[in-house]
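Each remark here refers to the structure printed beneath this line.
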Amino acid sequence: MSTTGGRIAPNGHAWLEAVYWVYKYGPYSSELSHGPKKFGDTTLRLARAIAHLTECRPSVANLVGWLKLSTRTVQYHLAMLREAGLLTYRSKGTRVRGVGGRASEFERTIPPAFDDAAGLRTGPSDTLIRSVRGFSPDRIPLLKELHAAARPRRQKRTKTANRRSAQGTSRRPSCTPMVGSTSSSSTAGDTSSPSESKLASGQHNSTSPKKTNRRKLNQTGRRYQLAAELTQQIGWLGRAAVPRIAWIVRHVADAGWTAAEVIAVVGLEAPALRVHRPSGFLARRLTGAHLLYDTAAKRAQIVDHWRDARRAERDRHTDWHQDDCRRPTSPAVARDVAAAFAQLQQPAAAPQEERELAVGDDGLVDLEQLTREEVIDLRAAALKDPALVRATVHACGEAYARRLYTSALVNHVQNLARLGRTIVHRWSPE
């Protein structure tokens, strides 16, 4: 309402005059990509129904039932009335839990173009409620035409209809009910019931068999059918909306895919994808699948492969009891298994005793006594824990530490310590 330049119509009749003017004289063309482009008889029928509403909440479902039109047609013409400036949103529709939904509320508005064409002078232009202050005398014929066109139409009754309504209840029924008939013959056909033996055996055929007319699904119906099957068969799609899934599987549904084929393609191993909802995961897995598996033979092959993989996975996860274990059939595998069991049954080797190292006059261990493996282990431990290097430098001297851990490692530890002191000094509160 805050963005419209029109004024609120004082009543439904005045609003219909503006609608009829747009229908006959207004330079309006719809900007919708689909549907009608100009006002027509259907638009006038819709406008007359809206003009009689006490509270302007034109529910699409109600308009469909009143006018016997399709939902899409009603939506098209409602959008056209909004584009022409004849309907303006007051509040969006809402859904109240336990009560139901309410349709959107509109205001019947008259665009400024109609006031200019009809020569009407209204009140202040900055308000939505503007009364008519005057009109141009040369536009009187146009106003009369619009006034007559907006009047409610009365249905003409023919002479035959009047005669039938006058007769009313005086007409006698044209036939006698079957229950009160005393005639031995009837023109309504054979009304005798079959014998109980025929009913029990099922041999009796009805004179008027029931016809079952099943509509063939169109393209949209096949998409929704496939989407409903997927939401029922795939657990992580249980809460997904069927219309969203129908839109995602539209390509594979149009290609004639079944639910098993879609599940097989989705169940294939693929690189990990970052998605935020199950429908997004389904969309990423089905991207380009209708082009890759474009024949029924390819799809049947992928379904067989998926079923074999599932069967193998179930076999791997089957719980085997000790009594059910069988010896391997391959001799090489049997030898490997026997060697593994023999190695497990051997007693563990006794731990090696620590050897004593001689200490010099200076109280330090001679590095020549260490083996190559011990030196490598000490240097690996120093790489993981630089505190060992600092402790060796403090206790044994820097030269001894450089011989044991290499100069590169000692320099690296010293640089780290110097960098830490610099950072602490810069961030000190003093």
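The values are calculated or read from the model by the stated rules, or taken from the named source; none is laboratory data. It should be emphasised that the depicted structure is a prediction, and the values quoted were computed from it without experimental measurement. Glycine gets a Cβ as well: all are built from the backbone with ideal geometry, and neighbour counts include every protein chain shown. Please note that ligands, DNA and RNA were not included when accessible areas were found on the heavy atoms of the full protein model with its side chains. Shrake-Rupley method; radii C 1.70, N 1.55, O 1.52, S 1.80 Å.
Odds and ends about this structure:
- Filter result for VAL375 (farther than 14 Å from VAL365 by Cα and in a helix (DSSP H, G or I)): no
- LEU226 vs. criteria open to solvent by 90 Å² or more (accessible area, probe 1.4 Å), in a helix (DSSP H, G or I) and at pLDDT 85 or above: no
Listed here are the residues, each with its yes/no results for (1) without any contact (Cβ under 8 Å) to a residue 40 or more places away in the chain; (2) surrounded by fewer than 18 Cβ atoms within 10 Å (Cβ to Cβ); (3) out of contact with any helix residue (DSSP H, G or I) (no Cβ under 7 Å at 6 or more places or on another chain).
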residue	(1), (2), (3)
ALA255	yes, yes, no
VAL266	yes, no, no
LEU286	yes, no, no
TYR293	yes, no, no
LYS298	yes, yes, yes
ARG307	no, yes, yes
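- Qualifying residue in segment 153-169 (condition: among the small types (Gly, Ala, Ser) and at pLDDT 80 or above): no
- Flag for ARG390 being within 23 Å of VAL365 (Cα to Cα), open to solvent by 90 Å² or more (accessible area, probe 1.4 Å) and modelled with pLDDT of 80 or more: yes
- Search result, residues across segment 23-51 that are open to solvent by 40 Å² or more (accessible area, probe 1.4 Å) and assigned to a loop (DSSP other than H, G, I, E, B): TYR25, PRO27, SER29, GLU31, LEU32, SER33, HIS34, PRO36, LYS37, LYS38
- Residues of segment 74-101 classified as of a type in the set (Lys, Arg) and at pLDDT below 75, total: 2
- Candidate set from segment 52-96 (those that are part of a helix (DSSP H, G or I) and among the polar types (S, T, N, Q)); member that is surrounded by the fewest Cβ atoms within 10 Å (Cβ to Cβ): THR71
- Only a single item in (1) surrounded by fewer than 12 Cβ atoms within 10 Å (Cβ to Cβ); (2) at pLDDT 70 or above is not met by THR406, and it is number (1).
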